[in-house]
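Asker: Here you go, one structure.
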Amino acid sequence: MSEKPTLFTSLSPALLHLYDLTDAVVVIIDVFRATSTIASALYNGAQYVIPVDAVPAAIEIGKKVNGIAAGERDGKLAEGLSHGNSPLEYTPDFIGGKILVLTTTNGTKLLHMALANGADDIVTGSFPNLSVVCNYLIHKKKNVVLACAGWKDRFNMEDTLFAGAVIHRVKEHFTIHCDSSFMAEGLYAQHKGHLLEFSKNFTHYHRLVNRFGYIDDIEFCLTEDIANVLPLYQDEKLIKG
């Protein structure tokens, strides 16, 4: 019987360099809100999403491709952009047939870090597209690195919870010798029945809800399979896989 592929969880971008990304599927996880927004936009008919790591680049590329330049810094609309990082903003009427150029504080930067570290099979994951991500990982039969965006290189709960949700579903198909993965799955197993209530403890919940009132965004971001598409990174853009 052939050996199972491995699965590791990187809890922060600052730890990503410790993992071998070559010949692995790398799942970029930024639940609040970049990867939830990417899933929402593609599910609702965006042609594709171009993830960029800086606001000036988003503006420049947005003009070049006649797309919608969007994003945030520190949870709020980034200066110079007219659209933010809310998954609810990208309705079919608004985003259908259009190109989204997105820059965020953590998630899009992490994707570019993964590329710089040799990743060539990248998808983005969040609760709204949990099932399709899990199916992809099982189907590919390759090593996996679940890469949590965290918050400015610090650990966060929501990305780790999503990593745990993935592990909970796919663990029979992988060899896992990774304490961060065991911790992530344990956290998810303990709280999976009340994620929204549990999220009220998170620092990012307070950042988004108490400061900006984004409770509807949080609910969307923690709801499984409501934008169940696979954002697959190819040729500098995320397409519907």
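Every number here is computed from the coordinates shown, using simple stated rules; none is lab data. Here the structure is a predicted model, which means the values were calculated and not measured. Every residue, glycine as well, gets a Cβ built from its backbone with ideal geometry; the counts of neighbours run over all protein chains shown.
Asker: Out of all DSSP beta bridges in the chain, what portion is antiparallel? Express it as a percent rounded to 5.
Answerer: 25
Asker: Further question on the same structure: Percent relative contact order of region 9-107, based on C-alpha pairs within less than 8 angstrom and at least six residues apart?
Answerer: It rounds to 35 percent for region 9-107.
Asker: Run the simple label-point estimate for ILE239 and PHE182 please: 7 Å along Cα→C-beta, distance reported in nm.
Answerer: Taking the two extended label points, one gets 4.1 nm.
Asker: Any idea what the relative contact order of the chain is, in percent, if you count C-alpha pairs under 8 Å spaced at least 6 apart?
Answerer: Here the relative contact order equals 33 percent.
Asker: Still on this model: For Cα pairs less than 8 Å apart in space and 6+ apart in sequence, what is the mean separation divided by the residue count of region 132-241, i.e. the relative contact order in percent?
Answerer: About 21 percent, as a whole number.
Asker: So for region 156-234, what are the equivalent ellipsoid semi-axes in whole Å, largest first, each being the square root of 5 times an eigenvalue of the Cα gyration tensor?
Answerer: Semi-axes from the Cα gyration tensor: 24, 16, 11 Å.
Asker: Which of LYS200/LYS240; LYS76/LYS200; LYS140/LYS237; LYS109/LYS200; LYS63/LYS140; LYS64/LYS98 have a Cα-Cα distance over 24 Å? Mind dumping the intermediate values first?
Answerer: On the way: LYS200/LYS240 32 Å; LYS76/LYS200 19 Å; LYS140/LYS237 20 Å; LYS109/LYS200 26 Å; LYS63/LYS140 36 Å; LYS64/LYS98 13 Å.
In this structure, LYS200/LYS240; LYS109/LYS200; LYS63/LYS140 exceed 24 Å between Cα atoms.
Asker: Which whole number of Å³ per residue matches the convex hull of the alpha-carbon atoms in the chain?
Answerer: 109
Asker: Under the rule of -39500 (n - 2.57) per DSSP H run of 4 or more residues, summed and divided by the residues of the chain, what mean residue ellipticity at 222 nm is obtained, to the nearest 500 deg cm²/dmol?
Answerer: So the calculated ellipticity at 222 nm is -10000 deg cm²/dmol.
Asker: Order these peptides, 55-67, 24-36, by their mean beta-carbon neighbour count within 10 angstrom, highest first.
Answerer: 24-36, 55-67
Asker: What's the ranking of 199-209, 115-125 by average number of surrounding C-beta atoms within 10 Å, highest first? Mind showing how you got there, number by number?
Answerer: Working: 199-209: 17.0, 115-125: 19.7.
Descending mean neighbour count gives 115-125, 199-209.
Asker: Further question: So in region 32-118, what percent of DSSP beta bridges are antiparallel if you round to the nearest 5?
Answerer: If we restrict to bridges inside region 32-118, about 20 percent are antiparallel.
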